[in-house]
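The next block holds one structure in the form of structure tokens; read it before the comments.
The values are calculated or read from the model by the stated rules, or taken from the named source; none is laboratory data. Keep in mind it's a predicted model, so treat the numbers as computed, not measured. A quick note on method: Cβ atoms are made from the backbone with ideal geometry, for glycine too, and the neighbour counts reach across all protein chains shown.
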Amino acid sequence: MLHKLTLALLIGLIASVPSVVSAEDGWKPLFDGKTLDGFSVKSGYATYGVEDGGVIVGRTAEGSPNSFLCTDATYGDFELKFEVKVDDGLNSGVQIRSKLKNADAKNAYGGRVYGPQVEIESGPGQAGYIYGEATGRGWLSPEPQSEDKSVNQHDHFKNGQWNQYRVVAKGPNIKVWINGEMIADLTDEEIYETHPEGLIGLQVHGIGKKAGPYEVRWRNLEIKPL
């Protein structure tokens, strides 16, 4: 009898371990890996789809303004990780804690996304620094504002390859790593005051009448509330 009871207890403990680990770990996928349910395209008409078993692919559309595949959910303090690959000739970004304005305006395509953006672009360049998309402030990170190339750009972004991003947003501080290298450590009380929480958006930059289309790809998007 004791043997059966002990065995039952062991089985119960083993069965409970995954849920405990998952709860302590806290990471959740940002999308279901198959569809774009829970997302909507704003600000432009670039196209987005899911390919290759869980890769979000954004493609430019001639004449479109900057477009963003935005989460319906909003996030405040969090840690976000993802991998990204972008065609040469196209820069991109990931909006965090962002909002929509002029949602009812003509040709607003659901509203203009504005707020902090984590830059994505080929190197050497400003990948990983924080830009104030449509905020009127330009770069929030100080490094790109320097005229010194040894300060305002780096080559940690691997052109034509998958790049690992890690973003930690906690209070007014935003930190960004690319491929394990810390790129940005920004504390900005002003942007935090207006954007303490908001949507996450995957940008396909407008290209005007440039040759294209260009693509940007994201995979392994996971988020952990802090």
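Quick look at the numbers
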{"quantity": "Any chance residue 110 is at positive phi, assigned to a loop (DSSP other than H, G, I, E, B) and either touching a residue at least 24 places away in the same chain (Cβ under 8 Å) or buried (at least 17 other Cβ atoms within 10 Å of the Cβ) (or both)", "calculated": "yes"}
{"quantity": "Yes/no for residue 115 being crowded, with 17+ Cβ neighbours inside 10 Å, assigned to a loop (DSSP other than H, G, I, E, B) and touching a Ser or Thr at 6+ places or on another chain (Cβ under 7 Å)", "calculated": "no"}
{"quantity": "Residue in region 147-168 that is surrounded by 15 or more Cβ atoms within 10 Å (Cβ to Cβ), at pLDDT 95 or above and either of a type in the set (Asp, Glu) or closer than 21 Å to residue 194 by Cβ (or both) present", "calculated": "yes"}
{"quantity": "Some residue of region 203-212 being in contact (Cβ under 8 Å) with a residue 24 or more places away in the chain and polar (S, T, N, Q)", "calculated": "yes"}
{"quantity": "Verdict on residue 128 being within 28 Å of residue 73 (Cβ to Cβ), in contact (Cβ under 8 Å) with a residue 24 or more places away in the chain and part of a loop (DSSP other than H, G, I, E, B)", "calculated": "yes"}
{"quantity": "The one condition in (1) surrounded by 14 or more Cβ atoms within 10 Å (Cβ to Cβ); (2) in a loop (DSSP other than H, G, I, E, B) that residue 218 fails to fulfil", "calculated": "(2)"}
{"quantity": "Evaluation of residue 77 against (1) crowded, with 22+ Cβ neighbours inside 10 Å; (2) touching a residue at least 40 places away in the same chain (Cβ under 8 Å) (one fails), failing number", "calculated": "(1)"}
{"quantity": "Subset tally (residues that are within 22 Å of residue 106 (Cα to Cα) and surrounded by fewer than 22 Cβ atoms within 10 Å (Cβ to Cβ)) for region 49-65", "calculated": "5"}
{"quantity": "Given (1) touching an Asp or Glu at 6+ places or on another chain (Cβ under 7 Å); (2) crowded, with 20+ Cβ neighbours inside 10 Å; (3) not in a strand (DSSP E or B), number of the condition residue 93 does not satisfy", "calculated": "(3)"}
{"quantity": "Residues being assigned to a loop (DSSP other than H, G, I, E, B), modelled with pLDDT of 95 or more and surrounded by fewer than 12 Cβ atoms within 10 Å (Cβ to Cβ) - total across region 176-215", "calculated": "1"}
{"quantity": "Strands (runs of 3 or more DSSP E) wholly inside region 25-80 containing at least 1 residues that are in contact with a Cys (Cβ under 7 Å, 6 or more places away or on another chain)", "calculated": "39-42"}
